[in-house]
Amino acid sequence: MKYQIPTGTKDALPEETRRWQYLEMRIRDVMLRYRYEEIRTPAFEYTELFKRSIGEATDVVGKEMYTFTDKGGESLTLRPEMTASVMRAYIQHNLGGQHCVNKLYYIGPMFRQERPQKGRLRQFHQFGCESLGSPAPEADVETMLVALTIYRELGIHSLNFIINSVGCPECRPAYREKLTGYLTPLGDKLSPESRNRLSSNPMRILDSKNETDQSLTQNAPMIHDHLCPECKSHFQRVQSLLDTMNIEYRVDGRLVRGLDYYTKTAYEIQSAQLGSQNALGGGGRYDLLCADLDGKNTPAVGFAAGMERLLIVMDSLQLSVPDPVPPKVFLIALGEKAMAAMSTIAYRLRSRGIACDMDYLNRSLKAQMREANKLNVPFAIILGEQELEQNICIIKNMSNGDQSSVPLDQIADKIV
Ligand code: HAM
């Protein structure tokens, strides 16, 4: 086969697309209940936006972006995530000037040039939400609840919900120094990747998946023991809110997340069903991003979650999506003249809001009846040349087999 789909991408054929549409419907339902409104931004942005937001030292910016120069000489990048784009749109359209708090959600494709494996693609899809304008821990918890509610309503109950605080510019530098002091003597024993991170981003060494790194950092200082009073009380409030709502979670000082914009709360939702790419979704607070992008100081928090990973989990839990609603009618035409007349009837029925389909192969009555049964339609309409001459057709009720003759101009009234 000469033409194949690019590595790390997937087609969604109709059966698969039905699952996507079902997920999207359930996601939108929860988002609206929490009063988040949809935002759509372009699939690409100026490269500088992602470099500035996500951070040059991150894997996403350093290794994974699809960046190209367009014919006008501009450097553009296919969006690897949405938080930066949402913040760019928020600033550009002065959304903060219109409402004190803007609650936005999105569903769409993202692009990262990673090594494909189970649950890791180069074009993947995220849903997520961003709450812009409130510094309150209640806003953090609301975004967590959006994610958890979506999973719960889809039937996924056994999840690992992990939270941490990654501090702020007030407390992080002193902690980083302490951590670097602990890690530097271990330098040679750390994995090459972690060794590289010693100077650029030592906190990420804590969430290395390498087993040696993990055991070497077992007694490393953890940021939640070194938070400034404000970050500490914020983190405590998040926990007490979750406790009051009986939401199960685990505090894990190793949770750092791979994007640089986070301050205070960071969280991840993991599933044992996923294997090594176990993060279903993640998020946190990013109070400094807006000002970093030359907007006004705007506290913000949000999350994003992978849809392909969600589908993997649903598959392994054997959670099915409802069958599609069949068309109301299957139109059976016998002979060429009847087929021409039937296509007009189909047009009229569809114009009146009645979902129907017909066979354009001029097959036998038996073959077309088989098709009607396969589609599971409530009614079949049969039109032969004889009926056509009399301006009538036969309507068959597929559940009880009853048949009646009906004038052609009264079909719609008989089946609504
Ligand atoms: P992230 O952790 O980079 O965060 O991505 C969120 C989720 O997207 C991951 O947990 C995973 O489910 C999915 N994901 C990421 N990369 C891939 C991939 N290559 N293939 C399949 N799924 C993937 C963010 O993107 C942040 N913007 C989240 C956020 C929103 N923080 C605050 N607001």
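The values are calculated or read from the model by the stated rules, or taken from the named source; none is laboratory data. Note that this is a predicted model, so its numbers are computed, not measured. So basically every Cβ, Gly included, is an ideal-geometry build from the backbone, and we count neighbours across all protein chains shown.
Out of the helices (runs of 4 or more DSSP H) lying entirely within the range 73-158, which hold 3 or more residues that are of a type in the set (Val, Ile, Thr) and at pLDDT 95 or above?
Per the criteria, 83-92, 137-153.
Can you name every residue in the range 67-123 that is basic (Lys, Arg) and out of contact with any helix residue (DSSP H, G or I) (no Cβ under 6 Å at 6 or more places or on another chain)?
Those that are basic (Lys, Arg) and out of contact with any helix residue (DSSP H, G or I) (no Cβ under 6 Å at 6 or more places or on another chain): LYS71, LYS103, ARG115, LYS118, ARG120, ARG122.
Cβ contacts < 6 Å: first residue within 20 Å of LEU319 (Cβ to Cβ), restricted to the range 1-24; second residue in a loop (DSSP other than H, G, I, E, B), any location; separation 6+ or different chain. Result?
What qualifies is ARG18/PRO324; ARG19/VAL321; TRP20/ALA12; TYR22/VAL321.
Results for (1) under 12 Å from LEU408 (Cβ atoms); (2) more than 45 Å from the chain's Cα centre (by Cα), shown as yes or no for each residue.
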{"residue": "ILE332", "(1), (2)": "no, no"}
{"residue": "THR344", "(1), (2)": "yes, no"}
{"residue": "GLY353", "(1), (2)": "no, no"}
{"residue": "ASN373", "(1), (2)": "no, no"}
{"residue": "ILE381", "(1), (2)": "yes, no"}
{"residue": "GLU385", "(1), (2)": "no, yes"}
{"residue": "ILE392", "(1), (2)": "yes, yes"}
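Can you pull out every residue in the range 402-413 that is small (Gly, Ala, Ser) and at pLDDT 95 or above?
Within the range 402-413, SER404, SER405 qualify.
Quick one: count up the residues across the range 251-278 that are within 30 Å of ASN94 (Cβ to Cβ) and either outside any loop (DSSP other than H, G, I, E, B) or of a type in the set (Phe, Trp, Tyr) (or both).
7
Pull out all pairs, ordered by first then second residue, where Cβ-Cβ is under 9 Å, the residues are six or more apart or on different chains, the first lies in the range 371-400 and is among the basic types (Lys, Arg), and the second is in a loop (DSSP other than H, G, I, E, B).
LYS396/ASP402
Assuming TYR267 fulfils every condition listed in (1) of a type in the set (Ser, Thr, Tyr); (2) within 19 Å of the chain's Cα centre (by Cα); (3) surrounded by fewer than 16 Cβ atoms within 10 Å (Cβ to Cβ) apart from one, which condition is it?
The single condition TYR267 does not satisfy is (3).
Taking ALA57 and the conditions (1) assigned to a loop (DSSP other than H, G, I, E, B); (2) surrounded by 21 or more Cβ atoms within 10 Å (Cβ to Cβ), which numbered condition does it fall short on, given that it satisfies the others?
For ALA57, the failing item is (2).
Just for strands (runs of 3 or more DSSP E) wholly inside the range 279-366: which have at least 3 residues that are surrounded by 22 or more Cβ atoms within 10 Å (Cβ to Cβ)?
Of the strands (runs of 3 or more DSSP E) lying wholly inside the range 279-366, those with at least 3 residues that are surrounded by 22 or more Cβ atoms within 10 Å (Cβ to Cβ) span 279-285, 300-306, 329-333.
Restricting attention to the range 66-119, report how many residues are in contact (Cβ under 8 Å) with a residue 12 or more places away in the chain, more than 17 Å from TYR286 (Cβ to Cβ), away from the ligand (no atom under 15 Å from the Cβ) and in contact with a strand residue (DSSP E or B) (Cβ under 7 Å, 6 or more places away or on another chain).
Number of matching residues: 4.
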